[in-house]
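So the structure is just underneath, and the comments pick up after that.
Every read-out reported here was derived from the displayed coordinates using simple, explicitly stated rules and does not represent laboratory data. Remember, it's a predicted structure, so these values are computed and weren't measured experimentally. Backbone-built Cβ (ideal geometry, glycine too); neighbour counts: all protein chains shown.
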Amino acid sequence: MDAFEALGAPTRRQILGELKRSPRSVNDLVDALSANQPSVSKHLKVLREAGFVSVRGEGQQRIYQLEPARFRELEAWLAPYRQLWTRHLDALERHLERKEKRR
C-alpha cells in the first residue's frame, strides 16, 4: 500500500499518534481511541503492511511500535518540497518587508 494511502485515514493517524508516545497493545489502542477492536486491528494491519509499525509478541499480547525507517523514507521524499516552500515563503517575507519599508 502507498504510504499516503496508509496515512490518509484519520484513525490510522491517531494510532500513530498513540504509538509515538510508547509501544501499545491492541487493547491499549482500543481504549485510547474509544474504538472497537476489529477496527483498530484492521488499521494496524494496514500500517504494518505499509511499514509504519511493527509488532512483537509479549506474553499473550501483541505489542505495536513505530518503525522509524519508514518515516525517514517519507521525510526524504518530502525534503525537496519543504525546500521549495521555504524558498517561496522566504521570498514572500522579503517582498512584504520591502513593501512595508516603502510605506
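With kT/(6 pi eta Rh) evaluated at 37 °C and eta = 0.692 mPa s, and Rh the Kirkwood radius from Cα pairs, the chain diffuses with a coefficient of 206 µm²/s according to Stokes-Einstein. Karplus-derived 3J(HN,Hα) values for the stretch 19-27, using 6.51 cos²θ - 1.76 cosθ + 1.60 with θ = phi - 60°, are 6, 5, 6, 5, x, 9, 7, 4, 4 Hz; glycine and proline are entered as x. Selection among 39, 77, 7 by position relative to the dipole of the chain gives 77 as farthest towards the positive end (Cβ unit charges, Cα centre). Magnitude of the charge dipole for the chain, about its Cα centre and with charges confined to Cβ atoms of Lys, Arg (+1) and Asp, Glu (-1), is about 540 debye. Averaging the sequence gap over all C-alpha pairs within less than 8 Å and six or more residues apart, then dividing by the number of residues, gives the chain a relative contact order of 24 percent. Between helix 37-49 and the chain, what is the angle of the helix's C-alpha long axis to the longest principal axis, kept within 0 to 90° and rounded to the nearest 10? Helix 37-49 sits roughly 60 degrees off the main axis of the chain. Here the Karplus curve 6.51 cos²θ - 1.76 cosθ + 1.60, taken at θ = phi - 60°, turns the phi angles of the stretch 76-83 into couplings of 4, 5, 7, 3, x, 6, 5, 4 Hz, with x standing for Gly and Pro.
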